[in-house]
Amino acid sequence: MSANDLSAPSGRFPAGRMAFPHRDLTAISQLERHEILYLLDQAEQWVELNRQSAKHTDLLSGLTIINAFFENSTRTLLSFEIAGKRLGADVVNMHAATSSVKKGETLIDTAITLNAMRADAIVIRHGSSGATGLIADKVDCPVLNAGDGSHEHPTQALLDALTLRHALDERGEASEDFTGLKVVICGDILHSRVARSNILCLTALGADVRVCAPPALMPSGIEAMGVSVSHNFDAAIKGVDVVMMLRLQAERMSGQFIPSAREYRHLYGLTKARLALADAEALVMHPGPMNRGVEIDSEVADMDTRSLITRQVEMGVAIRMACLDILTRGARGVEGWS
Amino acid sequence: MKQATPLTITNAQLVTPAGIVRGAIRCAEGVIAALGADVSAQDGDAALDARGKLIAPGLVDLCVFAVDKPAFHFGGITRAALMPDQSPPLDLPSRVGFIAKSGKPDLWVHPLAAATRGLEGSELAELALMQQAGARGIATGRRWIADSGVMLWLLQYAAMLDLVVVAHAEDAGLAGSAVATSGEIATRLGLPAAPAEAEALAIARDIALADLAGAKLHFRQVTTAQGFDLVRAAKARGLPVTCGITPAHFMLSDLATADYRTFARIAPPLRSEADRQAARAAIADGTVDVIASGHDPRGPEDKRLPFADAAPGMAGAETLLAMTLNLVRDDVIDLPRVFDLLARNPARLLGVAAGELAEGHEADLALIDPDAPWIIDRRKMEATADNTPFDRQGAQGRVLGLWKGGVKVAA
């Protein structure tokens, strides 16, 4: 495979850079429907590659990718690291989580430092909403948002969309987008960047999205994002095609927002009985890591045919490979992308 | 610096509480000696031709967080009430006494005494001693006093001393660590947000307590429709309740934060467009008594941060007059009312003989061209920091000259 083959326009999209005219990937809110579809299409080749035993290309050979994580992460960091390495890039991880590097001028100084080291792409996770955009303004290379505060986690939404697309395809329900698909997102919507990115991505692709949370964990005005709102999971889950559960942070279920974990499970846990209220074939998703027995029961999480949770992890690598490929095309001199 | 030579400014439009008067104003020994159509310069007076521009009282800014003389003089401010939120806080007579003298002679700073020690909201500070040292009012600081018992004692004590209490109106339990107002914008941005009702809750409680104590209560900033309704109702009942606002809340809504611009991070946070419109209506109908700058210059170490991590506050002194004059062009208020809001009412709340053009008052005067166009440019500001949310906006209204006690201090 040569670089040019990989980035050849598929015919459905504008040629070259016009297919994805962004330097950075900071938020789904910045993307048009066709740009999301382009990213998903481009990821398909990496899904295939990742299923072979030899999973390496030299596409990004010589490029340096820095994963700057200001917040603890295991799976997202690993996923980005594997994605970069499979594309042949030199990947460096910087852990600055929770410790000294929390104050903002340090954040900008860190950005300037990384920039001076001539990174070719920087992947950032930070605990404050908008932090990735702030850094993107200060550096000369593409910036990928791996989660900023309660704002967005765009690659998670893209990998969820890719996962859904594959699952629907295997059932013979393949279609260009998710028009008419009923999705419920349940959990801590207020603090969830995964929820915000997924709402934007799924609605952009035509899905009918409901969000469900206790009142204290539901942000006000969320209806303006084109979703319907419910506090009653039994009602919200009725007849849906996809149930997307969110992780509930332990510190939020000990009296501050939720009286207790078992009470949360009572009202919002995805049990087998509750899943039975959804469409008979309804698919189950969770961004991980799961609190088994709290927001999701093991017997649901581990259902072979219905649970897409491990598939989400697989698609994560492919999506991140696609993003890294597309965002570095300009620097690599790919025709039509300078 | 005492005024050595009497000054007469002729050919002016004098902004008096009763209306605009074409004529001259004569100042001697630091006070206004005469004004009106039939006043003229006497032998030995310094004379100035205003060429038909406005002569208005120097602005009395209630309140500011920093003393920033170049910015105040640019903005036509001759007196400023300083909030006690300093480092260390103004909770001791010695600190108040020092601040009270700090700006003289060309700027008078009126310190507001911290209501409670360390502004912690639990123990009353030495309010009578601070009054003796020069405090012109009492302020709860950036924070609300959560304990209703403490607030009642404070208001009773302030009533005894005949000092106004300047209160911050945000229920702390609801506001928590919020940096935005609950609603679509905060939700899309993923920012910690509190419902606008946090303001009304605080106002309702404090009005009830002030009524009980018979105290003068001034809400430094009221920014929501429900808050204005409560103040309006309290005034209708004849209570000595007043309120202020800064231009940010009648010029901007939470839309201004949509790109995480930290210059629009202020406290209380920017509100919805409906609340902004309610603010303009409250200014028009007299519910609002004071427009202040809330001047709080903040450098990049406080502002070049993710939105929620940035310090709140804006540098407002230079844009205060021009932003308020927008209300005249928009037919919300007339010119004399502009100077009621910017000078006369705040001077009355502080109990100082200034803030209006009247015989015997301090000769604090501003020569103003209300139509002079300019571009607000943060790179060219006089303030110690450039954090204005109005950067690159067009504005009208400039101060051409400023006198404190009859002595020229700027331009």
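The values are calculated or read from the model by the stated rules, or taken from the named source; none is laboratory data. All figures in this text were calculated on a predicted structure; none of them were measured in a lab. Every residue, glycine among them, receives a Cβ derived from its backbone with ideal geometry; neighbour counts consider all protein chains shown. Note: accessible area is taken over every heavy atom of the protein model, side chains too, but ligands, DNA and RNA are not part of it. Shrake-Rupley method; radii C 1.70, N 1.55, O 1.52, S 1.80 Å.
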task: Can you tell me the 0 to 90 degree angle between the C-alpha axis of helix A:154-170 and the longest principal axis of chain A, rounded to 10?
output: 70 degrees
Rough spin-label spacing in nm, given labels placed 7 Å along Cα→Cβ, for B:Ser177 and A:Val313: 3.0 nm
- prompt: What are the residues of segment B:298-319 that lose 30 Å² or more of accessible area, with a 1.4 Å probe, going from their chain alone to all protein chains?
  reply: B:Arg304, B:Leu305, B:Pro306, B:Asp309
task: Could you work out the local net charge near B:Pro297, counting Lys and Arg as +1, Asp and Glu as -1, over the other residues with Cβ closer than 13 Å to its Cβ?
output: -3
- prompt: Mind listing the Cα extents of segment B:52-137 along all three principal axes, in Å, largest one first?
  reply: 53, 21, 17
message: Just the number please: accessible area per residue for segment B:143-210, 1.4 Å probe, all protein chains included, in Å².
response: 36 Å²
message: I need the calculated FRET efficiency for the pair A:Ser254 and A:Asp140, taking r as the beta carbon distance and R₀ as 35 Å, to the nearest 0.05.
response: 0.20
task: Could you list, in their original order, any pairs among B:Lys53/B:Lys380; B:Lys2/B:Lys69; A:Lys55/A:Lys272; B:Lys101/B:Lys303 whose Cα atoms are separated by more than 27 Å?
output: A:Lys55/A:Lys272; B:Lys101/B:Lys303
- request: Note every residue of segment B:182-220 with a reduction of at least 30 square angstrom in accessible area, all protein chains present versus the isolated chain, computed with a 1.4 Å probe, or write none.
  value: B:Glu184, B:Thr187, B:Arg188, B:Gly190
- request: Give the accessible surface of chain A per residue, rounded to a whole number of Å², with probe radius 1.4 Å and ligands, DNA and RNA excluded.
  value: 39 Å²
message: Compute the angle between helix B:225-236 and the longest alpha-carbon principal axis of chain B, please, reported from 0 to 90 degrees and rounded to the nearest 10.
response: 60 degrees
- prompt: With the other protein chains left in place, how much accessible area per residue, in square angstrom, belongs to segment B:326-404 at a 1.4 angstrom probe?
  reply: 41 Å²
query: Which order do peptides A:189-195, A:281-287 fall in by mean Cβ count within 10 Å, highest first?
result: A:189-195, A:281-287
Under 17 Å from A:Lys182, Cα to Cα: aspartates and glutamates that are on another chain or at least 8 residues apart: A:Asp160, A:Asp169, A:Glu173, A:Asp208, A:Glu223, A:Asp234, A:Asp241, A:Asp279, A:Glu281
- line: In whole percent, the fraction of accessible protein surface over chain B that belongs to carbon or sulfur atoms, probe radius 1.4 Å, stands at 51 percent
- prompt: For segment B:236-340, which trypsin sites (Lys or Arg not before Pro) are in a loop by DSSP, counting at most 13 other Cβ atoms within 10 Å?
  reply: B:Arg237
- line: Label model pair A:Met18, A:Leu267: point-to-point distance (7 angstrom along the Cα→beta-carbon line) in nm is 5.2 nm
task: Please work out the FRET efficiency for the pair B:Asp147 and B:Asp391, using the Cβ-Cβ distance as r and a Förster radius of 45 Å; give the result to the nearest 0.05.
output: 0.65
message: Can you return the lysines within cross-link range of B:Lys216? Criterion is Cα-Cα under 25 Å, with same-chain partners fewer than 8 residues away left out.
response: B:Lys235
statement: Any aspartates and glutamates whose Cα falls less than 14 Å from that of B:Lys404, other than same-chain ones fewer than 8 residues away, would be B:Glu29, B:Asp106, B:Glu356, B:Glu362, B:Asp364
- line: Scan of chain B for GluC sites (Glu not before Pro) in DSSP loops with at most 14 other beta-carbon atoms within 10 Å gives a longest site-free stretch of B:124-358
task: Mind checking the full-extension length gain between B:Ala4 and B:Ala208? Use 0.36 nm per residue of separation minus the Cα-Cα distance, one decimal, nm.
output: 68.4 nm
message: Starting from the 7 Å offset along Cα-to-Cβ, what nm value, one decimal, do you get for the label separation of B:Ala372 and B:Ala353?
response: 3.1 nm
- request: Ignoring everything but the protein chains, give the 1.4 Å probe accessible area of B:Asp371 in square angstrom, nearest 10.
  value: 90 Å²
task: Estimate the FRET efficiency between B:Asp38 and B:Ala18 by the formula 1/(1 + (r/R0)^6), using the beta-carbon distance for r and 25 Å for R0, to the nearest 0.05.
output: 0.95
- line: Measuring from the longest principal axis of the C-alpha atoms of chain A, the long axis of helix A:193-204 (C-alpha) lies at a number of degrees, nearest 10, equal to 90 degrees
